[in-house]
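The values are calculated or read from the model by the stated rules, or taken from the named source; none is laboratory data. Bear in mind the structure is a predicted one, so any value in this text is a computation, not a measurement. Surface accessibility is based on the protein's heavy atoms, side chains included, excluding ligands, DNA and RNA. Shrake-Rupley method; radii C 1.70, N 1.55, O 1.52, S 1.80 Å.
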Amino acid sequence: MIQTVVWFASLFFILLIAGVFLWVAIKSKEESSYEPVVKKWYKARSIYGILLVLLMLVVTIYTLRDLPFNQPSYVESSEIIEVDAESFQFGYELSQNEFSVGDTVKFNVTTRDVTHGFGIYNPDKELIAQTQAMPEYENSFYVTFEDAGTYEVLCLEYCGLGHHLMKVEFVVK
Ligand SMILES: [Cu+2]
């Protein structure tokens with residue numbers, strides 16, 4: 001379905017661009033004064049520019065208003081479970097594979113070889129948290145598990161021929 005839409009949209013825009021080129025080619029033989037054209041379209045360009053800046057401002061504020069993402073969601077007194085997560089070609093090793101609902105876990109992520117991704121998917125296959133696994137470096141983030149079930153960690157960065165095999169599961173009870 002999407003493929004068909006993309007195909008027709010591409011065809012439409014190709015024909016549109018071809019049409020514009022054809023129109024310009026035909027019109028180029030006509031003599032006319034350039035001055036009013038420049039004046040008119042410079043004004044249009046200024047308005048377009050201002051609208052674009054305003055639009056980008058709105059989009060930026062709207063999409064970044066939740067920053068910084070994934071800040072610790074625990075209260076000072078609550079207990080944090082630290083989990084060491086080591087990535088390698090092609091898999092993961094977690095120091096703990098079982099948690100309880102409500103647990104706040106701090107994942108310390110690193111890699112033995114090349115750079116990998118570390119993305120946690122909840123039982124509904126939604127990405128809930130992710131970071132990069134970098135050699136000789138430790139990236140940490142916090143997750144509080146609210147749903148019981150089997151979670152999956154998948155690699156989000158192409159890291160070699162076995163990239164698609166990189167996966168580890170853990171359980172929240
Ligand atoms: Cu990987």
Pull up the cross-link candidates among the lysines for residue 43, meaning alpha carbon to alpha carbon under 24 Å and not fewer than 8 places away within one chain.
27
Express in whole angstrom the spacing between the alpha-carbon centres of the stretch 1-73 and the stretch 78-112.
46 Å
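Sort 20, 172, 114 from largest to smallest accessible area, using a 1.4 Å probe on the heavy atoms of the protein chains. Numbers along the way, then the final one.
Working: 20 80, 172 5, 114 55 Å².
Ranked from most to least accessible, the order is 20, 114, 172.
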Using θ = phi - 60° and the Karplus form 6.51 cos²θ - 1.76 cosθ + 1.60, what ³J(HN,Hα) does each residue of the stretch 3-12 get, whole Hz, x for Gly and Pro?
4, 5, 4, 4, 4, 5, 5, 4, 4, 4
Anyone know which of 88, 107, 21 comes out most mobile in the 10 Å Cα GNM of the chain?
21
Can you tell me how much longer the chain between residue 163 and residue 86 gets when fully stretched, taken as 0.36 nm per residue apart minus their C-alpha distance, in nm with one decimal?
26.2 nm
For the stretch 122-133, just list the computed ³J(HN,Hα) in residue order, Karplus coefficients 6.51, -1.76 and 1.60, θ = phi - 60°, integers in Hz, with x standing in for Gly and Pro.
6, x, 8, 6, 9, 6, 10, 6, 7, 8, 9, 9
Rounded to the nearest 10 Å², what accessible area does residue 66 have for a 1.4 Å probe in the complete protein model?
100 Å²
Extended-chain gain in nm, criterion 0.36 nm per residue less alpha-carbon gap, residue 60 and residue 43:
3.5 nm
Expected max-MSF residue from 49, 91, 102 in the GNM of the chain (alpha carbon, under 10 Å) is 49
How large are Rg and Dmax for the chain when calculated on the C-alpha trace, in angstrom?
26.3, 80
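Accessible area per residue for the stretch 1-134 in Å², computed with a 1.4 Å probe and the full protein assembly in place, what is it? Intermediate values should be presented prior to the final figure.
On the way: 10470 Å² over 134 residues.
Each residue of the stretch 1-134 exposes 78 Å² on average to a 1.4 Å probe.
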Within the chain, what percent of beta bridges assigned by DSSP are antiparallel, to the nearest 5?
70 percent
The chain: calculated mean residue ellipticity at 222 nm from DSSP helix runs of at least 4, using -39500 (n - 2.57)
-11500 deg cm²/dmol
